[in-house]
Amino acid sequence: MQFIQLDEGLVIIEEAFQKAKRIVEGYPDTKFTSEEYMKFHACVYTLCYKPGDDNKVLLHEKFKKSLEETINSTVLPSLAAKENELLLRELVLMWSNYKLMAKWLCRFFEYLDRYYSSFCCGVSLGETSIDCFRSMVFNVLHGRIQAAAMSLINEERHGKQIDPKLLQDVMTIFMEIGENRSTSYYENFVQAMLEETAAFYSQSSSQWVVYDSLTDYIQKVNWCIMQEKERAGHYLHPTSVKKLIQVLQCQLLDMNALKLVEKLQSQNSSQLDYQEILSKCACLSIGEESSTPTLAEHLSALMAKSAHIH
């Protein structure tokens, strides 16, 4: 084994960091040759081979500091002036490039990761790279990121064409950033989205139930649930889609059951008319499971119960 001095080794390692940084700077096709990989990997191995932990501690700090410098010099400035969809697109790009950079660096520092970072620090270098991005980028911009994602969902709800793949990528970032953490950024986002959805449909249904006929109202409910289910299926986890449908069910049907019964009675709708209304939404299930009632079944049971109470 050819030993090298610490100063000489740090120069070699800095070369690795500077080239890897180019990935985040907008050159994701940056590649390392097999010779470069061997040089950087061997350098870290040689410095770590020295007895004691002094070099290992220094290399671990160097790894983390280099990530922080990249975030401060490149990632944060690229996100600072952007809002809404542009912010989300830049976030997806930065996160993708940052992960690729960190992947290369973790390969060079494999020996340090295996015999010091994971063992002595209790955190792998891969986890350290995520921690840096989480604390310096995501936690700082979380409010703006969530607002931008919510804005896209609302735009689509009002008929504007959006890029569902972008929302899907953002949801993936929420999950990856929050993985193995007590705080689930994805679940927090879903909860906020459900609350906003409930408020939107509570306000909308309060007007529909007054001015629309029973037939028109049920058709709107049918259409809204189908549209929301289809849209959310592009970027939310199936369990989250189910929660969304339950919110719609509550706001559009459960909260207005008595008014729907009154409307049925005031309009002198015959049983035949009512059955025709139900038949129009008979195939739409509230959830995914086969045991879940259809919209028609739920509505029929709900109105029967409300009529009895009424």
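A few remarks follow.
- Residue within segment 199-214 that is over 29 Å from V57 (Cβ atoms), of a type in the set (D, E) and either part of a loop (DSSP other than H, G, I, E, B) or in the same structural domain as L76 (by TED's automatic domain parsing) (or both) present: yes
- Among the candidates A81, A20, A16, A102, the residue that is surrounded by fewer than 20 Cβ atoms within 10 Å (Cβ to Cβ) and hydrophobic (A, V, I, L, M, F, W, C) is uniquely A81.
- So E36, is it acidic (D, E), touching a residue at least 12 places away in the same chain (Cβ under 8 Å) and closer than 16 Å to V11 by Cα: yes
- From the options V92, V123, V57, V75, residue that is outside any helix (DSSP H, G or I) and hydrophobic (A, V, I, L, M, F, W, C): V123
- Exactly one residue out of V247, V221, V170 is free of Cβ contacts under 8 Å to residues at least 60 places away in the same chain, of a type in the set (A, V, I, L, M) and either crowded, with 18+ Cβ neighbours inside 10 Å or not in a loop (DSSP other than H, G, I, E, B) (or both), and it is V247.
- Residue match in segment 173-180 (condition: of a type in the set (A, V, I, L, M), outside any helix (DSSP H, G or I), in the same structural domain as E85 (by TED's automatic domain parsing) and under 27 Å from the mean Cα position of the chain (by Cα)): no
- Considering segment 174-203, and only residues there that are surrounded by 20 or more Cβ atoms within 10 Å (Cβ to Cβ) and not polar (S, T, N, Q), the residue that is farthest from E127 (Cα to Cα) turns out to be Y201.
- Subset of segment 164-195 [acidic (D, E) and modelled with pLDDT of 95 or more]: D169, E195
- Any hit, segment 54-70, residues being aromatic (F, W, Y) and either surrounded by fewer than 20 Cβ atoms within 10 Å (Cβ to Cβ) or not assigned by TED's automatic domain parsing to the domain that holds E15 (or both): no
- Selection of segment 17-51 for residues being touching a helix residue (DSSP H, G or I) at 6+ places or on another chain (Cβ under 6 Å), farther than 14 Å from E110 by Cα and of a type outside the set (S, T, Y) yields F17, A20, K21, I23, V24, E25, P28.
The values are calculated or read from the model by the stated rules, or taken from the named source; none is laboratory data. Because the structure is predicted, anything quoted here is derived from the model rather than measured. Backbone-built Cβ (ideal geometry, glycine too); neighbour counts: all protein chains shown.
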